[in-house]
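The values are calculated or read from the model by the stated rules, or taken from the named source; none is laboratory data. These numbers come from a predicted model, not from an experiment. Glycine gets a Cβ as well: all are built from the backbone with ideal geometry, and neighbour counts include every protein chain shown.
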Amino acid sequence: MTEWELPTARSVYIVAETDAGLVLRHWGDPGRRREFAPPARTPFEAPTDKVPLEFAAAGTRHAQFAELLVQGPDGVDGALLRLVPGSVAVADDGRDAELTALLRDAGAGVEVELHMRTSREHEVVERWARVRSTRAVGELCLTRAFGAAWNVPVGPGARVAELVGTWSREFTPVEVDLPAGQLSLGSRQGITSHLYSPVVALRARDSDDGCEAYGVALAWSGSWRMVVDAVPFRDVVRVGGGADDETAVITLAPGEEFETPHLLGAWSPGGPDGLADAWHEYQRGRLARSTGPEHRPIVYNSWYATGFDVRVEHQLALADVAADVGVEVFVVDDGWFTGRTSDRAGLGDWYADPSKFPEGLGPLVKGVLDRGMRFGLWAEPEAVNPDSDLFRAHPDWVYRAGDRPLTTMRNQYVLDLGRPEVEQWAATMLRRLLTEHPVSYLKWDMNRAVSDGGRPGDPRGREWSLQHTRAYHRLMTVLREEFPHVTVEACAGGGGRVDNAVLALSDVVWPSDETGPRDRLAVQHGFLSAYPPHVMSSWVTDEPDRLDTAPASLEFRFVVAMAGALGIGADLLAWDEATRARARELVALYRDIREVVHTGEVRRLGLPSDPVYAVQYTAADASRVIVLVTARPGAGRGDAPVRLPLTGLRDEARYRVHAGGGTVGCGVLAGHELTGAGVPVPFALAPDCDVVVLDRLP
Ligand code: GLA
């Protein structure tokens with residue numbers, strides 16, 4: 001049996017050619033190769049059912065979940081895919097390795113090119129497929145075209161961790177015990193959605209936190225589906241995913257091909273924490289164009305302070321205070337463009353509203369730059385209000401499901417980016433916005449689900465979500481390539497469009513509209529299990545929050561927002577001088593710890609619902625450790641001193657420990673004391689929170 005090995009930083013992914021097709025041989029520790037149980041067959045199973053096939057089509061005499069469902073023009077469904085002899089090749093440049101393999105059914109007229117890519121620099125295996133029609137006449141219909149099957153060797157069954165949510169409650173972790181059966185997650189909304197994140201973590205059903213764990217993620221920002229298939233009594237659990245197969249049908253004309261969304265797989269010997277490290281390392285090292293502050297400045301965003309009431313003098317008064325407390329970019333959110341006095345009008349008309357800006361945006365932009373900050377703008381390029389000049393001029397540019405009545409959500413329709421003229425309009429509009437004035441921060445929002453995708457008269461309208469998502473990715477690429485100095489923040493009514501494709505094309509994401517500090521802590525806790533801190537935009541806002549109404553100190557709200565890319569969204573004109581002075585100190589503290597927060601290894605210590613919760617960030621060389629501590633009322637500065645055991649420090653290393661933002665010394669402690677009895681937390685910053693900084697002594 002010929003085998004091919006693909007190396008990652010610490011593991012290996014091995015596949016082999018067998019009569020049944022391409023199968024997995026091993027995924028994980030190179031020194032502990034696992035043998036899959038020999039395929040004892042019954043008369044009820046085909047050979048392909050008993051081996052860990054890396055890609056299956058229905059029709060490959062495979063009776064289990066198949067990644068490809070193909071219908072031919074002659075009424076024959078399925079394909080008997082066979083590996084083309086000699087087609088498997090590995091290109092290895094010493095850093096990255098990529099395997100390609102060709103599966104073919106000449107009779108059905110379908111060919112599948114499999115791709116698997118690894119790197120010695122990180123732990124992630126990237127997989128996708130290209131499905132091609134080799135027919136001379138007639139169309140192929142793909143009613144499902146997922147990119148890969150992952151044979152996760154944790155079976156029988158698995159414990160499956162997911163991130164679920166709704167608006168304001170994104171990234172809530174849940175864990176499912178799946179002894180057998182299928183678990184299906186997805187979005188039918190045309191965007192990634194708040195409901196489910198396209199990422200799962202799997203481990204053995206009887207495992208503990210330090211066990212081997214595997215993650216699978218889908219890098220796709222439109223409608224999607226992932227299926228975890230725990231076939232009874234199998235030692236692998238199959239995971240597949242791709243564009244949603246319930247709402248899209250892909251048509252291939254002769255010679256045409258479809259490239260599936262890419263899937264990512266990661267292995268860790270260190271349980272869920274180790275898996276989070278593997279994702280972060282990849283997202284930092286491969287997806288981000290930088291992790292420095294140039295693409296994630298400290299933001300002031302005026303949305304919560306002003307809503308749609310955007311006025312030059314008022315914004316400049318806010319900018320005075322923002323600059324004074326140390327903000328690096330001043331972002332004007334919704335409400336600046338023509339007709340936008342509420343969410344009922346204006347979307348689509350991306351010109352400064354003459355009634356609010358009689359001289360255009362120039363004076364405001366100049367005022368912000370004169371105060372030493374960068375200038376940023378909010379836009380929602382995919383949406384249009386019925387009450388807008390754009391819609392009046394192009395009523396045919398929005399999605400329509402035949403002659404069914406159009407539905408508004410937040411009083412808006414969605415532009416059909418699948419039409420080349422609409423994508424072109426959006427590109428021209430964005431180029432104009434970013435060149436007319438020195439805008440160097442763009443918050444790209446999307447505030448509704450696409451409930452009625454489709455394009456009357458165009459049979460390819462069934463592929464609207466794929467077309468829309470590709471156009472969105474192309475437009476984000478235009479921003480990245482033509483405006484490299486512009487920070488792009490991705491948002492969809494909070495965390496409605498967060499996935500690894502978005503992370504590859506933006507600098508930061510807005511995980512949730514909920515900024516109440518305890519709610520936010522919960523959102524961020526889940527977020528950090530699959531996504532990294534350097535992209536996690538987080539703002540300090542005023543009390544009371546609409547949902548999370550219990551009081552918290554200003555310091556607490558800052559500590560929560562310092563856990564990622566810090567921003568401020570409060571009404572700064574309502575802050576008295578003492579509050580501003582305190583904010584100035586806290587922003588300076590954040591600047592000091594930012595690098596370790598954005599590049600360090602993350603450990604979440606406890607749960608946000610615990611009396612005391614913390615996030616520990618350890619620099620790659622462990623020379624510095626930052627611990628952001630938050631406490632429930634009464635659990636912080638009280639009679640009983642709090643000590644928090646840290647993780648991952650060498651026993652003999654010695655650290656000078658400071659709390660309260662450097663104001664209170666806690667002495668010198670050895671690694672074994674910090675991980676044993678724990679670091680003392682004096683709650684020097686405030687009774688309900690602290691920032692503990694540990695610097696290693698030479
Ligand atoms: C969405 C975003 C908010 C804000 C509003 C503006 O809800 O998530 O941050 O930008 O839109 O309308």
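Y441 versus (1) within 16 Å of the ligand (Cβ to nearest atom); (2) more than 29 Å from W575 (Cα to Cα): which is the lone unmet condition?
Tallying (1) within 16 Å of the ligand (Cβ to nearest atom); (2) more than 29 Å from W575 (Cα to Cα), Y441 fails exactly one: (2).
Condition check ((1) at pLDDT 95 or above; (2) within 17 Å of T166 (Cβ to Cβ); (3) of a type in the set (S, T, Y)) across all residues:
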| position | (1), (2), (3) |
| --- | --- |
| D458 | no, no, no |
| G461 | no, no, no |
| S465 | yes, no, yes |
| T477 | yes, no, yes |
| F483 | yes, no, no |
| S506 | yes, no, yes |
| A522 | yes, yes, no |
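Which residue is farthest from the ligand (Cβ to nearest atom), if the candidates are limited to the range 326-363 and must be more than 25 Å from F391 (Cα to Cα) and in contact with a strand residue (DSSP E or B) (Cβ under 7 Å, 6 or more places away or on another chain)?
E328
Taking the condition crowded, with 23+ Cβ neighbours inside 10 Å, among the aliphatic types (A, V, I, L, M) and under 30 Å from the mean Cα position of the chain (by Cα), does A550 pass?
Judged against the criteria, A550 is not a match.
From V535, V625, V540, V612, which residue is closer than 28 Å to H295 by Cβ, touching a Lys or Arg at 6+ places or on another chain (Cβ under 9 Å) and not assigned by TED's automatic domain parsing to the domain that holds D320?
Within the list V535, V625, V540, V612, the selection yields V625.
Residue-wise test of (1) in the same structural domain as A79 (by TED's automatic domain parsing); (2) of a type in the set (F, W, Y); (3) under 21 Å from V88 (Cβ atoms); (4) surrounded by fewer than 20 Cβ atoms within 10 Å (Cβ to Cβ).
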site: R25; (1), (2), (3), (4): yes, no, yes, no
site: R33; (1), (2), (3), (4): yes, no, yes, yes
site: F44; (1), (2), (3), (4): yes, yes, no, yes
site: A56; (1), (2), (3), (4): yes, no, yes, no
site: Q64; (1), (2), (3), (4): yes, no, no, yes
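Six or more apart or on different chains, Cβ atoms under 7 Å: show the pairs whose first residue is in the range 371-388 and in the same structural domain as V414 (by TED's automatic domain parsing) and free of Cβ contacts under 8 Å to residues at least 40 places away in the same chain and whose second is of a type in the set (A, V, I, L, M, F, W, C) and away from the ligand (no atom under 15 Å from the Cβ).
From the range 371-388, the pairs are V384/L390; V384/F391; V384/V398; V384/L415.
Table: residues versus (1) within 27 Å of the chain's Cα centre (by Cα); (2) in the same structural domain as L361 (by TED's automatic domain parsing); (3) surrounded by 20 or more Cβ atoms within 10 Å (Cβ to Cβ).
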{"position": "D396", "(1), (2), (3)": "no, yes, no"}
{"position": "D403", "(1), (2), (3)": "no, yes, no"}
{"position": "L406", "(1), (2), (3)": "no, yes, no"}
{"position": "M409", "(1), (2), (3)": "yes, yes, no"}
{"position": "D416", "(1), (2), (3)": "yes, yes, yes"}
{"position": "L430", "(1), (2), (3)": "yes, yes, yes"}
{"position": "W444", "(1), (2), (3)": "yes, yes, yes"}
{"position": "N447", "(1), (2), (3)": "yes, yes, yes"}
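Looking only at the range 351-381, filter to residues that are in a loop (DSSP other than H, G, I, E, B) and in contact with a Ser or Thr (Cβ under 8 Å, 6 or more places away or on another chain); which one of those is farthest from L433 (Cα to Cα)?
P354
Inside the range 222-236, can you point out the residues that are more than 24 Å from the chain's Cα centre (by Cα) and either of a type outside the set (D, E) or not assigned by TED's automatic domain parsing to the domain that holds L114 (or both)?
Those that are more than 24 Å from the chain's Cα centre (by Cα) and either of a type outside the set (D, E) or not assigned by TED's automatic domain parsing to the domain that holds L114 (or both): A230, V231, P232, F233, R234, V236.
Got at least one residue in the range 654-675 being in a strand (DSSP E or B) and either at positive phi or within 24 Å of the chain's Cα centre (by Cα) (or both)?
yes
Scanning the range 378-387 for residues that are over 22 Å from the mean Cα position of the chain (by Cα) and either of a type in the set (A, V, I, L, M, F, W, C) or within 16 Å of the ligand (Cβ to nearest atom) (or both), which turns out surrounded by the most Cβ atoms within 10 Å (Cβ to Cβ)?
Within the range 378-387, the match that is surrounded by the most Cβ atoms within 10 Å (Cβ to Cβ) is V384.
Rundown of residues vs (1) modelled with pLDDT under 95; (2) away from the ligand (no atom under 16 Å from the Cβ); (3) in a helix (DSSP H, G or I); (4) charged (D, E, K, R), yes/no style:
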site: L406; (1), (2), (3), (4): yes, yes, no, no
site: V414; (1), (2), (3), (4): no, no, no, no
site: L417; (1), (2), (3), (4): no, yes, no, no
site: T435; (1), (2), (3), (4): no, yes, yes, no
site: A449; (1), (2), (3), (4): no, no, no, no
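Exactly one condition in (1) out of contact with any Phe, Trp or Tyr (no Cβ under 8 Å at 6 or more places or on another chain); (2) among the hydrophobic types (A, V, I, L, M, F, W, C); (3) more than 15 Å from the ligand (Cβ to nearest atom); (4) within 30 Å of G457 (Cβ to Cβ) is not met by L390; state its number.
Going through (1) out of contact with any Phe, Trp or Tyr (no Cβ under 8 Å at 6 or more places or on another chain); (2) among the hydrophobic types (A, V, I, L, M, F, W, C); (3) more than 15 Å from the ligand (Cβ to nearest atom); (4) within 30 Å of G457 (Cβ to Cβ) one by one, L390 breaks only (1).
State the number of residues belonging to the range 293-312 that are within 15 Å of the ligand (Cβ to nearest atom) and surrounded by fewer than 21 Cβ atoms within 10 Å (Cβ to Cβ).
Residues flagged as within 15 Å of the ligand (Cβ to nearest atom) and surrounded by fewer than 21 Cβ atoms within 10 Å (Cβ to Cβ) within the range 293-312 amount to 6.
So in the range 482-519, with the set limited to residues that are over 19 Å from R296 (Cα atoms) and within 13 Å of the ligand (Cβ to nearest atom), which one is farthest from the chain's Cα centre (by Cα)?
The qualifying residue farthest from the chain's Cα centre (by Cα) is E514.
Pick out the one residue from A640, A588 that is surrounded by 13 or more Cβ atoms within 10 Å (Cβ to Cβ) and more than 26 Å from the chain's Cα centre (by Cα).
A588
Are any of the residues in the range 101-118 under 22 Å from W4 (Cβ atoms), at pLDDT 95 or above and not in a strand (DSSP E or B)?
Checked against the condition, which is being under 22 Å from W4 (Cβ atoms), at pLDDT 95 or above and not in a strand (DSSP E or B), the range 101-118 yields no hits at all.
Counting residues that are closer than 19 Å to G186 by Cβ and in contact (Cβ under 8 Å) with a residue 40 or more places away in the chain, which helices (runs of 4 or more DSSP H) fully inside the range 455-535 reach at least 3?
Because the criterion is at least 3 residues that are closer than 19 Å to G186 by Cβ and in contact (Cβ under 8 Å) with a residue 40 or more places away in the chain, the helices (runs of 4 or more DSSP H) in the range 455-535 that meet it are 464-482, 500-505.
Against the definition (within 16 Å of the ligand (Cβ to nearest atom) and at negative phi), how does D277 come out, yes or no?
no
Return yes or no: is Q315 among the polar types (S, T, N, Q), within 16 Å of the ligand (Cβ to nearest atom) and modelled with pLDDT of 95 or more?
Yes; evaluated as a whole, the condition is true for this residue.
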